[in-house]
Amino acid sequence: MIKFLVFIFISSFAHGYVPTVESLLRHGANPDVTVNGISFNLTVRKIESSDEKEYYKIFFIRTEDGLKAAQLRHSGPVFSDSTVDHKVSFSGVGPFTFKSSVENAEKGVFYGLLHSLAFNNGSYLINYLKSLEVPLKLNNEIINREKVELLADYKRYLVLINQDRSARKSEVNPLYPTDPLAKERVNAIMASPMYTDTNQVKLSKVDGQMSWVIDAGSFHGVVAHDSRDIQSLTLKTIAGDFEIFCKDYWAVDGSHKIPRFLVLKTFSGIKYEVEITGARYQQDNEGDLQKRMRNWDKSVSEKDSNKLRPEFLL
């Protein structure tokens, strides 16, 4: 098995490796998330016109019924149940929770980025952008099926000969067939890339730093070459450009990095600074979630707050 994993690694980076858009948007520098929940504490302010701040907490929880999300607005910088004055929640959250329209695009892209940062999953954002007719493809749409099947055969071969050493005498290594024509075909498959190049990712210098640049029609992104940290995302529409710049990455729990600041420019040209003051990874159960929901509902019912929220929030 170790040989197989090493082989996968080598074959993935051979032949002028270029990452896919999905792999760049999955925030792959972070280790896998092994718990089912994460919450972000956000402090939001307009950059140019006001120093007034708003305070939000956003939850993502993976359950057997799918992904659930809740957005809370707090009346001050203390993020307690009693300070909640507005709540929005969704069950079965997916890339199509937000309608595929310009009016919802800021929310869709912002939440897609948070989802990527939370769970190392770029498919959510890819699927949402596809719903806006951005010409992007998921990894499973551009993967080299022949190569995957060949590597799967090789994996089965390795397992078999590790379990039964005598099998080496009767089993043929799928990567080294004895038939000349079969060998020629295998060599051609192994020389081909794992994914079809969509020509949407290029390695370029941005602000003096080597970066992976995504250029897919109305969508543009910049991802740091070495750290794989997302630097910026831009969506161009008839309503204007929505831009997010990610700055000052920090390890919130010693291993998972997220940006400290998100600087956003909305379609209307308003600029916001979103400071992620805290993030917590935790293992949740359905009972804990329902109890918190009841506490939040009680807090909201005791207040009368109809204040408008920034365009990219729910």
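Since every read-out is calculated from the coordinates, none of them should be taken as a lab result. Model, not experiment: these values are computed from the prediction. Cβ: placed from backbone, ideal geometry, glycine included. Neighbour counts: every protein chain shown.
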> For the pair Glu184 and Ser301, how long in nm is the line joining their label points, each one 7 Å along Cα→Cβ?
Replying inline: 7.7
>> Need one number: nm distance between label points at Lys291 and Leu175, each 7 Å from Cα along Cα→Cβ, rounded to one decimal.
In response: 5.2
>> If I fit a long axis through the Cα atoms of helix 102-119 and take the longest principal axis of the Cα atoms of the chain, what angle between them do I get, 0 to 90°, rounded to 10?
In response: 60
> What number, rounded to the nearest 500 deg cm²/dmol, is the helix-based mean residue ellipticity at 222 nm of the chain, given -39500 (n - 2.57) per DSSP H run of at least four residues and division by all its residues?
Replying inline: -9000 deg cm²/dmol
>> From zero outward in steps of 10 Å, how is the percent of C-alpha pairs of the chain spread across the bins?
In response: 5, 23, 29, 21, 12, 7, 3, 0
> What FRET efficiency, computed as 1/(1 + (r/R0)^6) with R0 = 51 Å and r the Cβ-Cβ distance, is obtained for Gln163 and Val263, rounded to the nearest 0.05?
Replying inline: 0.40
>> With unit charges on the beta carbons (Lys and Arg positive, Asp and Glu negative) and the dipole taken about the Cα centre of the stretch 145-191, which residue among Leu158, Leu175, Val148 sits farthest to the positive side?
In response: Leu158
> Which of the lysines could be linked to Lys130 by a straight reach, that is with a Cα gap under 23 Å, when you skip same-chain ones fewer than 8 residues away?
Replying inline: Lys68, Lys99, Lys107, Lys202, Lys236, Lys265
>> Helix 145-163 against the longest principal axis of the chain: what's the angle in degrees, Cα atoms only, rounded to the nearest 10?
In response: 70
> Between Arg45 and Val18, what is the label-to-label distance in nm when each label sits 7 Å out along the Cα-to-Cβ direction?
Replying inline: 4.3
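For the stretch 212-314, report the convex hull volume of the alpha-carbon atoms normalised per residue, in Å³, without decimals.
Values: hull volume 16.0 nm³, N = 103.
Taking only Cα atoms, the stretch 212-314 has a hull volume of 156 Å³ per residue.
Starting with the fewest neighbours, write out Phe90, Phe59 ranked by other beta-carbon atoms found within 10 Å of each beta-carbon. All intermediate terms of the calculation are to be shown ahead of the outcome.
Values: Phe90 16, Phe59 22.
Going from sparsest to densest Cβ surroundings: Phe90, Phe59.
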> Could you give the longest part of the chain that holds none of the GluC sites (Glu not before Pro) found in DSSP loops with at most 12 neighbouring Cβ atoms within 10 Å?
Replying inline: 134-301
